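Quick notes on the structure that follows.
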Amino acid sequence: MIVSPCSSRKKATSEPGMHAAALASGSLNDVAQQWRSSLRTASRLHIPHSLYGGRAFTEAALAAKAANVGHYIVSAGLGLISPEDRIPAYAMTTVGLTDENVLRKCPSGTKPADWWKAALNPGILADLIVEAKGRVFLALPSVYLEMVQDELLGLPTQAFEKIRIFTGGSETLKGSPLQECVMPYDTRFDGPDSPIPGTKSDFASRALRHFIELAVQIGEQTLSKDKDLVSTALAGMRTPMRPTRTRVTDTDIRDALISAWAEARGNRQKLLRHLRDVLLVSCEQSRFARIARELEEERSL
């Protein structure tokens with residue numbers, strides 16, 4: 001069983017009302033109730049794997065196919081999605097200064113875990129892990145770990161032996177029993193010797209895919225042996241050289257994306273790499289996604 005995040009990049013346009021910006025501010029329960037009501041009005045439903053796009057989602061899907069296991073999706077808008085579910089196109093997150101961040105509609109101090117418990121389907125992930133016959137692979141960046149961490153910590157102690165966590169945000173779990181479940185991927189996986197290079201946003205899914213390719217022929221192993229397998233694979237890899245990048249305004253980023261749009265054919269991955277690697281511009285993933293989405297909407301008009 002593989003569990004990975006949803007993606008802000010979707011292959012269908014969100015239906016009216018299926019985005020956080022359409023919600024009125026209020027208490028956590030009020031906002032959660034509004035969102036559940038909106039979901040009940042959805043008229044067009046999609047197969048999860050035909051809706052989500054982006055590098056991180058694709059890498060996790062490839063890993064699930066290679067391991068021949070079910071691919072479940074953690075979503076800030078829909079909770080835990082199974083491969084058989086049919087879901088609407090929507091726009092929601094719990095991070096960033098964007099209209100899609102639902103926490104901006106909730107009282108100050110509301111955390112991703114609070115939203116998960118109040119609005120989504122808490123408990124399902126824990127039940128699946130307890131019932132799983134083999135290992136459970138969680139490829140989750142820090143914001144998704146924050147959403148489900150309390151649920152994972154409530155698992156029976158013996159269930160922890162099943163869990164393998166792939167993340168670039170292991171500090172989220174520092175000091176918790178889940179820290180022992182984190183597979184030891186580090187910055188070397190982004191260095192010049194990495195077999196699957198990429199960006200910080202897709203680190204967890206790339207690490208998962210790499211591990212599956214290592215372990216698929218070996219079969220079930222203990223947590224300790226799986227961690228040793230990763231350590232051995234990384235032993236000969238060098239850490240990356242970090243270039244110095246300059247922070248610029250949104251207008252500068254927008255102009256740079258417009259200039260590179262045709263050559264990149266609007267591909268977000270190529271555009272982000274152009275910003276960071278060619279122009280040496282500092283741009284957070286959420287900031288880039290917001291500006292790129294605005295340009296995509298303008299061009300569609």
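Reported count of residues in the range 274-301, each being over 25 Å from T13 (Cα atoms), among the charged types (D, E, K, R) and open to solvent by less than 70 Å² (accessible area, probe 1.4 Å), is 1. Within the range 282-301, being over 21 Å from A56 (Cβ atoms), outside any helix (DSSP H, G or I) and in contact (Cβ under 8 Å) with a residue 24 or more places away in the chain holds for no residue. The condition (being modelled with pLDDT of 90 or more, open to solvent by 40 Å² or more (accessible area, probe 1.4 Å), within 18 Å of C6 (Cβ to Cβ) and within 18 Å of the chain's Cα centre (by Cα)) is satisfied by just one residue among E146, E151: E146. Looking only at the range 110-156, count how many residues are under 21 Å from L208 (Cβ atoms), outside any helix (DSSP H, G or I) and either free of Cβ contacts under 8 Å to residues at least 60 places away in the same chain or among the charged types (D, E, K, R) (or both). Qualifying residue count for the region: 3.
Say we look at the range 10-27 and pick out the residues that are open to solvent by 40 Å² or more (accessible area, probe 1.4 Å) and aliphatic (A, V, I, L, M); which of these is nearest to the chain's Cα centre (by Cα)? Ranking the candidates gives A21 first. Any residue at all in the range 248-257 that is in a loop (DSSP other than H, G, I, E, B) and open to solvent by less than 80 Å² (accessible area, probe 1.4 Å)? Yes: one or more hits.
Residues checked against (1) at pLDDT below 95; (2) in a strand (DSSP E or B); (3) under 24 Å from Q285 (Cα atoms):
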| site | (1), (2), (3) |
| --- | --- |
| A12 | yes, no, yes |
| D30 | no, no, no |
| L39 | yes, no, no |
| S43 | yes, no, no |
| E59 | no, no, yes |
| A63 | no, no, yes |
| Y72 | no, yes, yes |
| T98 | yes, no, yes |
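The values are calculated or read from the model by the stated rules, or taken from the named source; none is laboratory data. Everything quoted here is computed from the prediction, not taken from an experiment. Ideal geometry is used to build each Cβ from the backbone, glycine not excepted, and the neighbour counts take in all protein chains shown. What goes into the accessible areas is simple: the full protein's heavy atoms, side chains included, and nothing from ligands, DNA or RNA. Shrake-Rupley method; radii C 1.70, N 1.55, O 1.52, S 1.80 Å.
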